[in-house]
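The values are calculated or read from the model by the stated rules, or taken from the named source; none is laboratory data. Computed from a predicted structure; not experimentally measured. Here the Cβ is made from the backbone with ideal geometry for all residues, glycine too, and neighbour counts use every protein chain on show. Surface accessibility is based on the protein's heavy atoms, side chains included, excluding ligands, DNA and RNA. Shrake-Rupley method; radii C 1.70, N 1.55, O 1.52, S 1.80 Å.
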Amino acid sequence: MTDTIDRPTAASAASPGSPDQAGAGVWVVLPTYNEAENIEPMVAAILASLPAAIVLVVDDGSPDGTGDLADKLAASDPRVRVRHRAQKQGLGRAYLDGFGVALTGGASIVVQMDADFSHDPSALPALTGPIAAGDADLVIGSRYTKGGSVEDWGIGRRVISRGGSVFARVVLGLGQNDLTGGFKAWRAMTLAAVPFAGVHAGGYVFQIEMTFRASRAGARICEVPITFRDRRVGQSKMSRRIVVEALVVVVQLRAEEIRGRLGRRRHAG
């Protein structure tokens, strides 16, 4: 497959139903880069939690053979799909690509999560439940709401993560506690209505911006508590550049919104 993003319209996304099997209509988008040690147990854990779900592995040309392992899983299980991308272009870009595939494939709920077990697959029913029940359009697996927690992190990383969420919450006027986390479930119609063009492809900033855009579009957003654990094996892909980018873009988003409001007022006047 190519790395072109399929961009469906809201009308092309499936409407949510009431699945009679755990995970029916759910697509789990799983971006990977050098996750050979995690991919097989992760896919197995997801399907154990949501047996009727589709797992879409979006691999950014991993040199460690992650994509080949995913192909083998897909060959033996029709619930596993693989999207091969030529090269690493950022977490957000991989997610947007995967979202397009899931929406075009008829998903009613689209989940995004990490492949390194920092997001616990056993939490998937709690994450998708409010959407399946018709009570929410976007559900955030939250480390910072009541009952949520983080394990295995040093003080520096805790401050960066929590501080980034607080900064974005204040600057953008959002009500959610965990804006930098990447464990989310989307109603397909809500996700399809978010304009993918122009969304920043970085890590933290992608998570913040997608929630910001959904909120401004009137989405019903709720948080469910999760326990976040540091990755089991491999190295974290977080960097100082990703954090700085997030802070800069948050300010830019707010500035653009203010300019837009002032422009509309001048036009109306």
Which residues make up the longest stretch of the chain clear of trypsin sites (Lys or Arg not before Pro) that lie in a DSSP loop with no more than 15 other Cβ atoms within 10 Å, not counting the sites? 1-145
Please give the contour-minus-distance gain from A86 to D68: 0.36 nm per residue of separation, less the Cα-Cα distance, rounded to one decimal in nm. 5.1 nm
Can you say what percent of the DSSP beta bridges in the chain, counting only those with both residues inside, are antiparallel? Round to 5. 25 percent
Of the listed values (1) 17.5, 50; (2) 17.9, 63; (3) 18.0, 53, grab the one calculated as Rg and Dmax of the Cα atoms in Å from the structure here. (2)
Restricting to DSSP H runs of at least four residues, report the calculated mean residue ellipticity at 222 nm for the chain, -39500 (n - 2.57) per run over all residues, nearest 500 deg cm²/dmol. -13500 deg cm²/dmol
What's the carbon and sulfur percent of the chain's accessible surface, probe 1.4 angstrom, rounded to a whole number? 54 percent
Solvent exposure, largest accessible area first (probe 1.4 Å, DNA, RNA and ligands not counted), of Y204, Y33, Y95: Y33, Y204, Y95
Which angle from 0 to 90°, rounded to the nearest 10, does the C-alpha axis of helix 39-49 make with the longest principal axis of the chain? 80 degrees
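Computed over the Cα atoms, what is the radius of gyration of the stretch 113-162 divided by 2.2 N^0.38 Å, N being its residue count?
Relative to the 2.2 N^0.38 Å estimate, the stretch 113-162 comes out at 1.32.
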In Å², rounded to a whole number, the accessible area per residue of the chain with probe 1.4 Å is 44 Å²
Length-normalised contact order of the stretch 63-189, Cα under 8 Å, at least 6 apart, in percent, tallies to 29 percent
